[in-house]
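Each reported figure results from applying straightforward, stated rules to the coordinates on display, with no laboratory input. Values in this document were obtained by computation on a predicted structure and should not be read as measured data. Cβ placement follows ideal geometry from the backbone for every residue including glycine, while neighbour counts extend to all protein chains displayed.
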Amino acid sequence: MNHLPQNVWLERCANRIIEVDRDIAADEARRLARELQAFERTGVMAPEAAVDFVASELARPRPGRFERRASPRH
C-alpha cells in the first residue's frame, strides 16, 4: 500500500468507522481514527482495513487484547 498523507488516512478511517457504527458521532469517529493510526498494528494498514480488523476483533466472543509492545520488535 502506498503511504497516505495523515489527513487522508484519518478522514478515510473516520468515514469507515461511521459506516460500521452509524450511531457514532463524527467527532468520536475522528478521535478513534487518531487512536487507530497511532497504534502500531493498525497504523500500517489501509484505513478501512484497520477499522474492519478492529471491528472483527471486538465482535469475537473473547475480544483480543489491544496493547502496545513494551519494546520494539526487530
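Going highest first, how would you order 20-32, 44-56, 3-15 by mean Cβ packing within 10 Å?
Averaged packing, sorted descending, gives the order 44-56, 3-15, 20-32.
Where Lys and Arg each count +1 and Asp and Glu each count -1, what net charge lies around Val20 among other residues with Cβ under 12 Å from its Cβ?
-3
For Arg22 and Leu4, compute 0.36 nm times the residue count separating them, minus their Cα-Cα distance, and round to one decimal in nm.
Gain in length upon complete extension: 4.0 nm.
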